[in-house]
Amino acid sequence: MATLLEFAEVCEKIKLTTSKNQKVSILANYLLKLSRNELPIACRLLTSKVFPPWDTRAVNISYSTISDAIKEITEVSEDKLKATYIKYGDLGEAAEELMKGKKITTLIQNTLTLQDVYSALDTAASKKGEGATEVRLRVLKGLLALCSPIEAKYLVKVLCGEMRIGLDEGLLEEALAAAYGRSLKQVREAGLIVADIGESALVALDGNFDAVKLSVFHPTNFMLAEEMPSPQEVADYFRCDLYAEYKYDGVRAQIHSSGKEVRIFSRRLEDVTNSFPEFSKPFSDKAVILDGEIVPYKDAPLPFQMLQRRLHRKEITKELLEETPVVYFAFDILYYNGETYISRPLRERRMILEGLNLQPPLYYANQIKVKLKEDIEEAFEASLKLGYEGLVIKHPDSVYTPGKRGKKWVKLKKELATLDVVIVAAEYGHGKRAGVLSDYTFAVKSEDGLKVIGKAYSGLTDKEIDEMTKILSAITVKDLGHLKIVEPKIVLEVAFNNIQKSSRHSSGYALRFPRIKRVRWDKNVDEIDTIDRVKEIYEIQAYKKML
Ligand code: AMP
């Protein structure tokens, strides 16, 4: 029987070695000792999870409940716990130290099995609503009472959702491949489809990769699209007939329907069924998995922010349903009547999707056939006019690759926002722009001076570039040949599609696909945007990704 003690000792060994190969080999040896039932439990615990991501049971033992349990079991004061926590910055490490002086002991120790831990946490997670916190505290105290210091450390780390031992899912996949002699690529690909490390472990154990299938009420990862800067690039890249779909601004969702039941899963594979009761009616007499976007909508798209009021709410009242009407735009079908469709081309999947006869509030995503740059521009303009975000352009032969951002689907987005920035340096361009200063490094302001946030090459006409070359040469403060550092005087309005964290620039951020909208001759450097505004835009965007 796999014990918690052995699990903890393996974790400790992994933590103590920095060699990746050694970590993999320690793990692989450990995995080989586990039974079929123990394997998924151990793999989830190793990545600080107890259940698959879509499971409605959530352990949800808060920091304060864990702290209370540690205090009661070790009989230490709040201050002592706090001081120990601060010493390590990790509640698991603190628990280990405090457990060394544990006063309450039981006669039987070190016999907890992984199955015991799982069953106890299942009890804790299954209790909802009133009294749940007490049950969780009781369960955790019961477990800790049976733990040695090292077991307590790793139990607490699992519950805090962070192991901090230099082990992630990727490394565990390597260990699974090594343990059972499988190809890492196959283990990873199956992992993206089954979307749960416990399940991946069983697939790796059996080696039955071809048999990996989807099943209803067990979500898979979503296929993602690569961003492209312009219709021209999309047309040049594909040079063939394509499907252009509107890019709806909402939350990605898989809708699973079978028999009388419908369940909805978010991009993070969480079960969000309760937030969207309008989709709860089964829409086919066959079992189906749809992929699409939930969009706030009444006659026209409504602001994305409306969805925030729906998600993570305990109760969806009638008023809330009326205030925040939503529809679903389906653009893919992954499973139908017992068959997994992800390896079939999109054109075939779309035909099956259209055969479903979806009824409002379920709609089909609009699809326009395009090929040339002009077709794409026209579809893009039509999308913006209707209030959508741009286009997702898909190759008709594309298979559905869960969890991958490939170039079979690409997105063209309208600008996210614009920023007023100041040019701090300029470079000579290439080709026909070899003799003119056409590449500009620009900055936003912060309390301690200007901070560089990006570089733009496009957006100005040849005439404007000639004029800029003259002005920039006149305000050059340091001439480094190809690069000229200039006085921060010229303000640009730049558009961009998103903001990324980046160590390349002094601001710590970088704009994606920046382009100059215009030169703001009317503004001076005091009026440019601040790093705080950049952070604000970044955070809204990051929040959207989390949904
Ligand atoms: P982004 O979140 O900006 O990276 O864009 C990708 C997201 O666009 C996807 O994850 C979907 O949520 C959303 N989306 C909207 N319309 C579509 C569509 N027709 N096809 C695929 N994704 C879409």
Q: With viscosity set to 0.890 mPa s and temperature to 25 °C, compute the Stokes-Einstein D of the chain, Rh being the Kirkwood radius across alpha carbon pairs; µm²/s, no decimals.
A: 91 µm²/s
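Cross-link list K463/K484; K413/K501; K318/K414: which exceed 23 angstrom alpha carbon to alpha carbon?
K318/K414
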Q: Could you run the Debye sum over the Cα atoms of the range 81-189, one equal point scatterer each and no solvent, and tell me log10 of I(q)/I(0) at q = 0.16 Å⁻¹, two decimals?
A: -0.88
Q.
Just to confirm my numbers, what's the Cα centroid distance between the range 199-269 and the range 39-97 in Å?
A. 34 Å
Q) Among the aspartates and glutamates, which have Cα under 15 Å from the Cα of K432 when same-chain residues fewer than 8 positions away are ignored? A) D462, E464, D466
Q) Which pairs break 30 Å Cα to Cα here: K451/K517; K314/K445; K153/K535; K127/K404? A) K314/K445; K153/K535; K127/K404
Q | Per DSSP, loop GluC sites (Glu not before Pro) in the range 129-222 with at most 14 further Cβ within 10 Å | A | E130, E162
Q: Take the eigenvalues of the Cα gyration tensor for the range 150-254, scale each by 5, and report the square roots as semi-axes in whole Å, largest first.
A: 35, 20, 15
Q: Normalising by the residue count of the chain, find the relative contact order in percent from Cα pairs under 8 Å and 6+ residues apart.
A: 12 percent
Q. For q = 0.12, 0.14, 0.18, 0.21 Å⁻¹, what log10 I(q)/I(0) does the range 419-544 give under the Debye formula with an equal point scatterer on each alpha carbon and no solvent?
A. -0.42, -0.57, -0.93, -1.24
Q | the range 419-544, relative contact order in percent, only Cα pairs under 8 angstrom and at least six apart counted | A | 29 percent
Q) From the cross-link list K286/K544; K49/K128; K49/K260; K281/K408; K247/K373; K141/K545, which pairs have alpha carbons spaced over 25 Å apart? A) K286/K544; K49/K260; K281/K408; K141/K545
(Q) Give me the mean projected area, in nm² to one decimal, of the convex hull enclosing the Cα positions of the range 224-413. (A) 10.4 nm²
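When you count, for each residue, the other Cβ atoms within 10 Å and take the mean per peptide, how do 47-53, 458-464, 359-365 rank with the highest first? List each step's numbers first, then the result.
Working: 47-53: 18.0, 458-464: 13.0, 359-365: 15.0.
Most protected by this proxy first, the peptides run 47-53, 359-365, 458-464.
What is the sum of charges around Y364, taking Lys and Arg as +1, Asp and Glu as -1, for the other residues whose C-beta is under 11 Å from the C-beta of Y364?
Spelling it out: positives minus negatives among the neighbours equals -2.
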**Q.** the chain, helix-only ellipticity at 222 nm - DSSP H runs n ≥ 4, -39,500 (n - 2.57), divided by all residues, nearest 500
**A.** -11500 deg cm²/dmol
Q: Please work out the Cα center distance from the range 315-362 to the range 298-312, rounded to the nearest Å.
A: 18 Å
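Could you check how much of the accessible area of the chain is carbon and sulfur, as a whole percent, using a 1.4 Å probe?
50 percent
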Q: Write down the accessible area per residue of the chain in Å², having rolled a 1.4 Å probe over the full set of protein chains.
A: 47 Å²
Q.
If I fit a long axis through the Cα atoms of helix 114-126 and take the longest principal axis of the Cα atoms of the chain, what angle between them do I get, 0 to 90°, rounded to 10?
A. 70 degrees
Q: Counting only C-alpha contacts under 8 Å and six or more residues apart, can you give the relative contact order of the range 294-356 as a whole percent?
A: 30 percent
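The values are calculated or read from the model by the stated rules, or taken from the named source; none is laboratory data. Predicted model, so just to flag it, every value in this text is computed and none were measured. Heads up, the Cβs are rebuilt from the backbone with ideal geometry, glycines too, and the neighbour counts pull from every protein chain shown. Surface accessibility is based on the protein's heavy atoms, side chains included, excluding ligands, DNA and RNA. Shrake-Rupley method; radii C 1.70, N 1.55, O 1.52, S 1.80 Å.
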